[in-house]
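So the structure is just underneath, and the comments pick up after that.
The values are calculated or read from the model by the stated rules, or taken from the named source; none is laboratory data. Because the structure is a prediction, the values reported are computed rather than measured. Counting neighbours? That spans all protein chains shown, and the Cβs are built from the backbone with ideal geometry, glycine included.
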């Protein structure tokens, strides 16, 4: 794990007994600044249903991490969840002429944002890889904890997959705090458009496999 991801870990606690060094304080302040930047960017660029989806995805991913006791970097997980659908926003959709998939386009945009904020290359890559992978039906742990947790958060919010793994009252509370108003229709329209303009993409394949029906029939709403 890089220095940027060590504050608050068990190893850090054993070494420092919880005392923040100057470097630790700078790191925590920097993390907060980047998280705020990502949130503000996504809120500005995304339609309300898409922004709420990104927030719910993060909450569900964090819940899976807690329930399954998955060791991960909370900052990187937040950034991956917040930024995972940048490729569906007007600011990024088809702005990269070489990207044949909206998840790839979003991953590249997130990677660039991370590097612009002086994030180490390995951390930028972790976020970009998680975003690029999120359209896969399954993401194994060997591809990274953040990528797998993002996948679980996305699939729960989009189609209700693994809803039984989390307390029903908690899932309901997330939906109450961040309503799903219009999300299914918004996402199906967005994926349908991606399928038309990028027929060789994963979005197009998912569409052919009945994705729209799964989204509309999501048991959590």
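What the table shows:
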{"item": "In the stretch 46-93, residue nearest to the chain's Cα centre (by Cα) [restricted to those that are within 27 Å of residue 167 (Cα to Cα) and not in a helix (DSSP H, G or I)]", "result": "84"}
{"item": "Checking residue 149 against (1) loosely packed, with under 15 Cβ neighbours inside 10 Å; (2) within 14 Å of residue 72 (Cβ to Cβ), the condition it does not meet", "result": "(1)"}
{"item": "Qualifying residue in the stretch 188-198 (condition: within 19 Å of residue 61 (Cβ to Cβ), modelled with pLDDT of 95 or more and under 20 Å from the mean Cα position of the chain (by Cα))", "result": "no"}
{"item": "Filtered residues of the stretch 115-140 (kept if surrounded by fewer than 23 Cβ atoms within 10 Å (Cβ to Cβ), in contact (Cβ under 8 Å) with a residue 40 or more places away in the chain and in a helix (DSSP H, G or I))", "result": "122, 123"}
{"item": "Residue match in the stretch 124-143 (condition: more than 19 Å from the chain's Cα centre (by Cα) and more than 25 Å from residue 98 (Cβ to Cβ))", "result": "no"}
{"item": "Residue 154 vs. criteria at pLDDT 95 or above, part of a helix (DSSP H, G or I), out of contact with any strand residue (DSSP E or B) (no Cβ under 8 Å at 6 or more places or on another chain) and surrounded by 16 or more Cβ atoms within 10 Å (Cβ to Cβ)", "result": "yes"}
{"item": "Single condition residue 193 does not satisfy, out of (1) part of a loop (DSSP other than H, G, I, E, B); (2) free of Cβ contacts under 8 Å to residues at least 60 places away in the same chain; (3) under 23 Å from residue 108 (Cβ atoms)", "result": "(1)"}
{"item": "Set 36, 25, 43, 19: member being surrounded by fewer than 17 Cβ atoms within 10 Å (Cβ to Cβ), out of contact with any strand residue (DSSP E or B) (no Cβ under 7 Å at 6 or more places or on another chain), without any contact (Cβ under 8 Å) to a residue 12 or more places away in the chain and in a loop (DSSP other than H, G, I, E, B)", "result": "19"}
